[in-house]
Amino acid sequence: MENSDEKTCNAIMALGDFYRGYLSKGKNEIPLREEIEMVKSYLEIQKLRYGDIFEVEYEIDEKLLNILVPKLILQPLVENSIYHGIRLKGEKGIIKISVYKEKDRAHIVVFDTGVGMSEKQLQDIMNDEGGEKSFGLKSTIERIQYYYNDLDLYEITTKEGLYFRIDIKIPIM
């Protein structure tokens, strides 16, 4: 690393941070703060790979950063934003990650200005007819539902050609 350029050093550091978060000493749940830091590292790696195809915005209520969440709930959603949304659109996009409290829930929202999808495409994914393209989205939702023993933990809004938004509604205990 001493003789490498700054980009290479940044990539190695981001990769190390991502894998430290991914491993999380074997924990199944981590503070939201760590989940967000892991996603920041992941996005830094993707920026090095894809260059300027996306910008990232964060709107985080810092009072919620210590709540415990299942590990790896954000990364698959952000990955979908890049691979199945923004990259396919062929123009620069935005990924926005928001965290806010409403009633007894912490809302963790991932929004992107990618290709979105039709209602039929969304139904196919949620009914296991989406093939491999749907694995990250559906399995993440199922893991969260299983973890909290609650089926009403997400809301998806999308408009084909414009955007995709998923709101994960975590119970605050």
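Zone of Y100 (label point 7 Å along Cα→Cβ, backbone N under 18 Å): which residues in the stretch 153-173?
154-158, 164-172
Please say if the stretch 22-173 is rounded, prolate or oblate, where rounded means a/c under 1.5 for a ≥ b ≥ c the square roots of the C-alpha gyration tensor eigenvalues, and otherwise the choice is prolate for a/b larger than b/c and oblate otherwise?
oblate
Counting only protein heavy atoms and using a 1.4 Å probe, what share of the accessible area of the stretch 52-173 belongs to carbon plus sulfur, as a whole percent?
With neighbouring chains kept in place, the figure for the stretch 52-173 is 49 percent.
Taking amide H positions as placed in the peptide plane 1.01 Å from N, state which residues far from G116 in sequence (5 or more) or on other chains have amide H under 5 Å from it.
Hits under the 5 Å cutoff: G161, L162, Y163, F164.
Across all directions of projection, what mean area in square nanometres is found for the Cα convex hull of the stretch 47-126?
6.6 nm²
The values are calculated or read from the model by the stated rules, or taken from the named source; none is laboratory data. Quantities reported herein were computed from a predicted structural model and do not represent experimental measurements. Every residue, glycine among them, receives a Cβ derived from its backbone with ideal geometry; neighbour counts consider all protein chains shown. For the accessible areas, the whole protein counts, side chains as well, though only heavy atoms, and no ligand, DNA or RNA atoms are used. Shrake-Rupley method; radii C 1.70, N 1.55, O 1.52, S 1.80 Å.
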